[in-house]
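Here is the structure we will look at.
The values are calculated or read from the model by the stated rules, or taken from the named source; none is laboratory data. These numbers come from a predicted model, not from an experiment. Cβ placement follows ideal geometry from the backbone for every residue including glycine, while neighbour counts extend to all protein chains displayed.
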Amino acid sequence: MIVEAESVLDEAIKRSEGPFFKAWDMFMMFFLKQHRVDSALKYMEAALGHPKSESVDKVLKYFEEEKNVDGAEELCKMLKKVNRLDSKAYDSLLRTYIAAGKPAPDMRMRIKADGIEVNSEFENLLETVCPK
């Protein structure tokens, strides 16, 4: 049934000019609940021009809970492409690294390059994954 729904959406996209942000968002959240991260990211990328903030937050939270650093990094790359990578996304990315117990030695440099302001709470997170 999901394959059929995807097929209908794909056909609708081909036949009209859209936008289909709400449909993409619904598919993204469905696939996230099914733990089908690749499919969820596919629809997130399609909606990147106008994803709901709540949806982005839910996806980032999902990656943190699943300790999925690769997924969080992929989403942050997508957000950066459309100039939506902000301190909130970096905060979640750092928490994902911490949850996964992984270091991120270049994180300070990345945050600085992206012009993200670092407050004391953020610094504490950074210290965990990227000690000075």
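Structural remarks
- Residue under evaluation E54, criteria (1) surrounded by 14 or more Cβ atoms within 10 Å (Cβ to Cβ); (2) under 12 Å from the mean Cα position of the chain (by Cα), criterion not met: (1)
- Counting only residues that are assigned to a loop (DSSP other than H, G, I, E, B), farther than 20 Å from R84 by Cα and at pLDDT 70 or above, region 1-59 holds 3 of them.
- Qualifying positions in region 82-101 - surrounded by fewer than 12 Cβ atoms within 10 Å (Cβ to Cβ) and farther than 17 Å from K61 by Cα: N83
- Within region 107-119, residues that are modelled with pLDDT under 95 and exposed (fewer than 10 other Cβ atoms within 10 Å of the Cβ) reach partners that are small (G, A, S) and assigned to a helix (DSSP H, G or I) with beta carbons closer than 7 Å, at six or more positions or on different chains, in the pairs E117/S87.
- Sole residue being in a helix (DSSP H, G or I) and at pLDDT below 95, chosen from L94, L79: L79
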